[in-house]
Amino acid sequence: MWLGYAIAPLFGPLLYGIIILFFPEFTEKNEFSAFTWLGSLLFFTFVSYIICLISGIPLIKFLKKINKLNLYWVVALGSIVYAISLYIVLFYIMGVEIMGNPLNLKIKILLVGFGLGIVVTSIFYKLSGITTRPEVDNK
């Protein structure tokens with residue numbers, strides 16, 4: 001499982017960084033440089049690892065406890081947690097200033113967070129070696 005925790009949180013910020021690199025108009029800033037791109041990538045990578053440690057480990061333990069540790073539950077709940085965590089980090093911890101229609105921006109952030117959450121949790125599931133087969137007791 002630790003391989004999943006070590007590598008998967010990197011993919012969300014990396015995918016977002018690649019998208020912003022090729023489509024800088026999504027940033028809604030007049031100024032975009034390599035320094036701001038790298039700074040954002042490093043910051044969101046750090047945040048992604050913290051989110052995965054704070055919420056990912058308890059989520060996996062909870063799913064294991066209720067016997068729902070499979071791809072569908074991990075991706076569904078993990079992506080929701082990732083989206084809500086991204087929203088909280090941006091608007092409550094960082095205090096991002098909302099320009100334009102606040103509802104549209106909040107919905108965009110939640111959808112982006114949900115999409116990145118799907119990527120991160122799917123990669124986590126694949127790398128962690130979680131199987132849905134019942135364990136065989138070799139007695």
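Peptide packing for 48-54, 77-83, 37-43 was compared via the average number of neighbouring C-beta atoms within 10 Å per residue; ordered from the highest value, the list is 77-83, 48-54, 37-43. Given an 8 Å cut-off on Cα distances and at least 6 residues of separation, report the relative contact order of region 2-128 as a percent. Value for region 2-128: 41 percent.
When peptides 65-73, 9-17 are sorted by average Cβ neighbour count within 10 Å, with the highest value leading, the order is 9-17, 65-73. Each residue of region 33-43 was assigned a 3J(HN,Hα) from its phi angle through the Karplus expression (A = 6.51, B = -1.76, C = 1.60, θ = phi - 60°), giving 9, 5, 5, 5, 5, 5, x, 5, 4, 5, 5 Hz with x at Gly and Pro. With a cut-off of at most 14 other beta carbons within 10 Å, and DSSP calling the residue loop, which GluC sites (Glu not before Pro) in region 1-93 qualify? Please list them. Sites meeting the loop and neighbour criteria: Glu28, Glu31.
Couplings 3J(HN,Hα) for region 7-15, derived from phi with the Karplus relation 6.51 cos²θ - 1.76 cosθ + 1.60 (θ = phi - 60°), are 10, 4, x, 6, 6, x, x, 5, 5 Hz, where x marks Gly and Pro.
With coordinates expressed along the principal axes, the C-alpha atoms belonging to region 2-128 extend over 49, 29, 22 Å, beginning with the largest.
Readers should treat all values here as calculations from the given coordinates under stated rules, not as data from a laboratory. Treat the numbers as computed from the prediction; the structure is a model and nothing was measured. Positions of Cβ are backbone-derived with ideal geometry, glycine not excepted, and every protein chain shown enters the neighbour counts.
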